[in-house]
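Please read the structure below before turning to the comments.
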């Protein structure tokens, strides 16, 4: 045993409390989505499934969900490409300004979302608007990609550092063309890092609201925007509850996917 | 029987429309163009996508053949920007957008004879400064509401008749007062000062010069100490009143109804002696409308007694259409919202965006909304 | 490792290439500089031109002003916005409050994260239990941000879960406000702290943990002097998230904070409500300076690589 028993007991105690802290609020959301009351009150006076069926039938929710999926998919693909390219450049080459890059990459996620959002909004207004490109799905994707690059970058860089270059060199020495090496050696080595980075990027984008608010066009609504707009509207409370609970159940999907696709389930959550 | 009545009223409408259009110029083609693009506040043009049971857009499409695209505007600024793109036929504009649209040439004067339902719209909403210019109507009134004074009737006795109950530094209810968390609430303080400190010379709670503005801010800074909690979302107020941590403050009628509906706490509302702030929305026709006839049909549809009743009840405001009061699901709805109460409506100062141009001959010496926002930050601390 | 990459590029392909793709890749593999330029072009266009360019556009506006007559941005130089921000005490109060909340959230999440991560990384025999624990801990990371905020609203509401649970004990919920905001933010960013710390623990060899605790029956001493310094980069990496995400949040405050104002609310209210970009941009300078300063300081510790 690595850790003395009495220390371990303390650790288990702390962890148990933390798990309660993490999961009780989520459980409350689930239970509350069956609350019969129109106006929130705890404990629920009665249980009903009507908010769930109304949430499922709700077209606004459905189209917002579709918008979110479109935006997150596009941002993820772009982030995978850009993040991987940057990761290769940083870990395979030495060049002037190399150390600055890791800072620049992390900046969009480290700076407050409102700063990123406001900056992009100001820039798009002055550059894209005159070109006739209005705010909409396209600008949202541009914004989301900016802060998604970092998670792909971090995962790929870590993997490249771990595996080194010996396998690629060996492949090249054995006469493989660069493309063949990339396909048969490099990509399989990177696959789980790409999956982890991609899932995280998708999650970040799917969940984002601040940058979205500033880059979204009139009429376009992602799911978080829908929730936010309806959270404070009379009569919509119970449906928001059901949507919230539904999203909670849906959030098991990426975890499950990451566990399935990654060889080491413990590192499934990837690197932030 | 119900169905017959509906049919009869439809036939009546059609007949009136025919007669009216016959009276107008013979060259005017009133045929619908098959499509309509409108910008609306959330809740004004429900097509069943929020709740399948809440839908007055689909019946409109079936009746007129105008395929309707609804765009939700989140702020008045956004609505103005969208209207200027020229892509839309109309908008449900609030008082802080209407004048900008009228003087910007973005909306056209409305031929009210082409909107038969206009005749029976509340007279106190017609030809008002925020929806008309040069004696012409620039839109069709839709609905309105007041920011009323609400109190817990078991705790607050006697029933208050003045806003002093929330502004007096020695209010009996200090610590249990609520106020609306938005820069526009400064106007409520200005309105109170307008009536209680005539020396300040406030004529319009939205056009304040620096001295008047500072007085309103000072009043709110002092009120801050007595505030239990501010409310921004309606649920904040419903919760705090339901729990008893707030007992008096500014409210929307919807909030009072929700609290009342729970049956735990009894509340009453009033427009106090000083009057109240409020909102009034107007359907306006774009000057560049590609589907003006469909927009006319929409303006008539949305102010028709039944539909206007439906919208008003869903949104929680007084319908502009006087005949709507016969069609509300809740028969006391119009009384609750004072929909037909002329005196009540006259005591409301409708929300507009404060601008540097005072608009009353004083020139550009008024405090604009950017400074209202900064002041509000300072008040909350 | 990077210089190795350069040399390995030179001797890669021996057979004659055919096709455009092969020719290009070969040419590129012969010329590492060109390959690097190609690799960097797109990401740098994105991050430098698009992102840093946008930041520059915005900050340029901070020395302009909105004309109160026309509502248009006036492009004449003025320090007025900064002057207002520095002289008006309310902005100092809010900035101080925000930094305090960010510090509390960061410290609390570090204190919670270290024992949990230690157990996850080194205290479990079965890898299955470990995987389950990792999933259980990172689960809220995947739940929607607003849903989590909403959950805490339900918890802290005057008629919420806390009040209901505390009532029999004679207690009351503190209600929505600064406390609720701090707890909600702690909740939101906690996994961002636990995961890097967990990764840091995982990298430590088991023998080292073993030896540390064998030092002589004073586990706290062993922990403090041997283990903690080794996982510090992980803690610092996590603190980048907990600190700067707290500094930039304005929505959670709106959901669970009632009228509480954090610094990002000042920025948001001026741009989102009043449309005053110059003032909002000037206000945004403060959190940006704090975060960039923190990042630069932290970069020396190598924590950026442990993100």
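Here are a few things to note about the model shown:
- Checked across region B:313-325, the condition of being modelled with pLDDT of 95 or more, part of a loop (DSSP other than H, G, I, E, B) and either within 30 Å of residue C:266 (Cα to Cα) or assigned by TED's automatic domain parsing to the domain that holds residue B:99 (or both) holds for at least one residue.
- Of the residues making up region C:177-191, those that are within 12 Å of chain A (Cβ to nearest Cβ) and either under 22 Å from residue C:163 (Cα atoms) or free of Cβ contacts under 8 Å to residues at least 60 places away in the same chain (or both) number 7.
- Residue check, residue C:157 more than 30 Å from residue A:107 (Cβ to Cβ), surrounded by fewer than 24 Cβ atoms within 10 Å (Cβ to Cβ) and free of Cβ contacts under 8 Å to residues at least 60 places away in the same chain: no
- Selection within region B:60-86 - more than 22 Å from residue A:217 (Cα to Cα), part of a helix (DSSP H, G or I) and touching a residue at least 60 places away in the same chain (Cβ under 8 Å): B:60, B:63, B:64
- Residue in region A:66-75 that is modelled with pLDDT under 90 and within 14 Å of chain B (Cβ to nearest Cβ) present: no
- Against the criterion of being closer than 30 Å to residue C:223 by Cβ, facing chain C (nearest Cβ under 10 Å) and crowded, with 22+ Cβ neighbours inside 10 Å, residue A:87 does not qualify.
- Some residue of region B:175-192 being without any contact (Cβ under 8 Å) to a residue 60 or more places away in the chain and closer than 24 Å to residue B:245 by Cα: yes
- Residue A:41 closer than 20 Å to residue C:150 by Cα, outside any helix (DSSP H, G or I) and more than 20 Å from the chain's Cα centre (by Cα): yes
- Residue, farthest from the other protein chains (Cβ to nearest Cβ), within region B:178-196, restricted to residues that are assigned to a helix (DSSP H, G or I) and in contact with a helix residue (DSSP H, G or I) (Cβ under 7 Å, 6 or more places away or on another chain): B:193
- Scanning region C:85-102 for residues that are surrounded by fewer than 16 Cβ atoms within 10 Å (Cβ to Cβ), assigned to a helix (DSSP H, G or I) and within 13 Å of chain B (Cβ to nearest Cβ) yields a total of 5.
- All conditions in (1) at pLDDT 90 or above; (2) at the interface with chain B (Cβ under 10 Å from one of its Cβ atoms) hold for residue C:262, with the sole exception of (2).
- Identification of helices (runs of 4 or more DSSP H) wholly contained in region C:192-307 with 3 or more residues that are over 30 Å from residue A:99 (Cα atoms) yields C:206-214, C:219-222, C:251-256, C:263-268, C:277-299.
- Some residue of region B:334-352 being in contact with a strand residue (DSSP E or B) (Cβ under 6 Å, 6 or more places away or on another chain) and either on the phi > 0 side of the Ramachandran plot or within 14 Å of chain C (Cβ to nearest Cβ) (or both): yes
- Residues (assigned to a helix (DSSP H, G or I) and touching a residue at least 40 places away in the same chain (Cβ under 8 Å)) located in region A:162-190: A:190
- Residue satisfying all of: in region B:177-202; modelled with pLDDT under 95 and touching a strand residue (DSSP E or B) at 6+ places or on another chain (Cβ under 7 Å); farthest from residue B:263 (Cα to Cα) among these: B:181
- Among the residues of region B:317-332, the ones that are surrounded by fewer than 22 Cβ atoms within 10 Å (Cβ to Cβ), touching a residue at least 24 places away in the same chain (Cβ under 8 Å) and either closer than 22 Å to residue B:41 by Cα or out of contact with any helix residue (DSSP H, G or I) (no Cβ under 7 Å at 6 or more places or on another chain) (or both) come to 1 in all.
- Residues being at the interface with another protein chain (Cβ under 9 Å from one of its Cβ atoms) and either on the phi > 0 side of the Ramachandran plot or at pLDDT 85 or above (or both) - total across region A:174-193: 1
- If the condition is being within 13 Å of chain C (Cβ to nearest Cβ) and either under 17 Å from the mean Cα position of the chain (by Cα) or part of a loop (DSSP other than H, G, I, E, B) (or both), then region B:353-370 contributes B:353, B:354, B:355, B:356, B:357, B:358, B:359, B:363, B:364, B:365, B:367, B:368.
- Residues located in region A:92-113, provided they are part of a helix (DSSP H, G or I), more than 7 Å from every other protein chain (Cβ to nearest Cβ) and either farther than 22 Å from residue A:142 by Cβ or within 16 Å of the chain's Cα centre (by Cα) (or both): A:98, A:99, A:100, A:109
- In region B:256-270, the condition of being farther than 21 Å from residue B:176 by Cα and more than 14 Å from chain C (Cβ to nearest Cβ) is met by at least one residue.
- Within region A:158-172, the set of residues being more than 26 Å from residue C:202 (Cβ to Cβ) and more than 8 Å from chain C (Cβ to nearest Cβ) comprises A:170, A:171.
- Unmet requirement for residue C:47, which otherwise passes all of (1) free of Cβ contacts under 8 Å to residues at least 60 places away in the same chain; (2) within 14 Å of chain A (Cβ to nearest Cβ); (3) surrounded by fewer than 19 Cβ atoms within 10 Å (Cβ to Cβ): (3)
- Members of region C:149-167 found to be within 7 Å of another protein chain (Cβ to nearest Cβ) and in contact with a helix residue (DSSP H, G or I) (Cβ under 9 Å, 6 or more places away or on another chain), listed by number: C:150, C:151, C:152, C:154, C:155, C:157, C:158, C:159, C:160, C:161
- Scope region C:140-154; condition within 14 Å of residue A:224 (Cβ to Cβ) and in contact (Cβ under 8 Å) with a residue 12 or more places away in the chain; matching residues: C:145, C:146, C:148, C:149, C:150
- Sub-6 Å Cβ pairs linking a first residue in region C:231-255 that is facing chain A (nearest Cβ under 9 Å) and on the phi < 0 side of the Ramachandran plot to a second residue that is buried (at least 24 other Cβ atoms within 10 Å of the Cβ) and in a loop (DSSP other than H, G, I, E, B), at least 6 apart or interchain, are C:237/C:307; C:247/A:112; C:248/A:112, ordered by first then second residue.
The values are calculated or read from the model by the stated rules, or taken from the named source; none is laboratory data. Everything numeric in this text was worked out from a predicted model, so none of it was measured. Every residue, glycine as well, gets a Cβ built from its backbone with ideal geometry; the counts of neighbours run over all protein chains shown.
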